[in-house]
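Here is the structure we will look at.
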Amino acid sequence: MSSIKAADLHSALQPVAYRLDTIAEALKQHQPSDQGAAAIALLRELVDDEPCRLDHNAFCQTHYYDHPCANERARTLLAQLDANEN
Ligand SMILES: [Zn+2]
């Protein structure tokens, strides 16, 4: 019966262990941080449901004088986040 030396096993597993560390690190970076989740929750509270009223230059008169307005961009971002969760 052949026996595996601990040193051989260690050197054989080292590249795998390194890859697992890399994968774990990548997964950690893609998870929303507590601050990110708090910012998204705050954004949900702040966005206005009132529809945009655009002037003849397509600038929003309801929220921010912008094109598209910051409220609309925030709503679009939240809708994209919701779509990604489903
Ligand atoms: Zn608007």
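Can you name the condition, by its number, that residue 71 falls short on among (1) modelled with pLDDT of 90 or more; (2) more than 16 Å from the ligand (Cβ to nearest atom)?
Checking residue 71 against (1) modelled with pLDDT of 90 or more; (2) more than 16 Å from the ligand (Cβ to nearest atom), the one that fails is (2).
Scanning region 39-70 for residues that are without any contact (Cβ under 8 Å) to a residue 12 or more places away in the chain and of a type in the set (Asp, Glu), which turns out surrounded by the most Cβ atoms within 10 Å (Cβ to Cβ)?
Restricting to residues being without any contact (Cβ under 8 Å) to a residue 12 or more places away in the chain and of a type in the set (Asp, Glu), the top hit is 66.
State yes or no: is residue 80 more than 8 Å from the ligand (Cβ to nearest atom) and either among the β-branched types (Val, Ile, Thr) or at pLDDT below 90 (or both)?
Considered against the rule, which asks whether it is more than 8 Å from the ligand (Cβ to nearest atom) and either among the β-branched types (Val, Ile, Thr) or at pLDDT below 90 (or both), residue 80 comes out as no.
The values are calculated or read from the model by the stated rules, or taken from the named source; none is laboratory data. Predicted model, so just to flag it, every value in this text is computed and none were measured. Here Cβ is always computed from backbone atoms with ideal geometry, including for glycine, and neighbour counts include all displayed protein chains.
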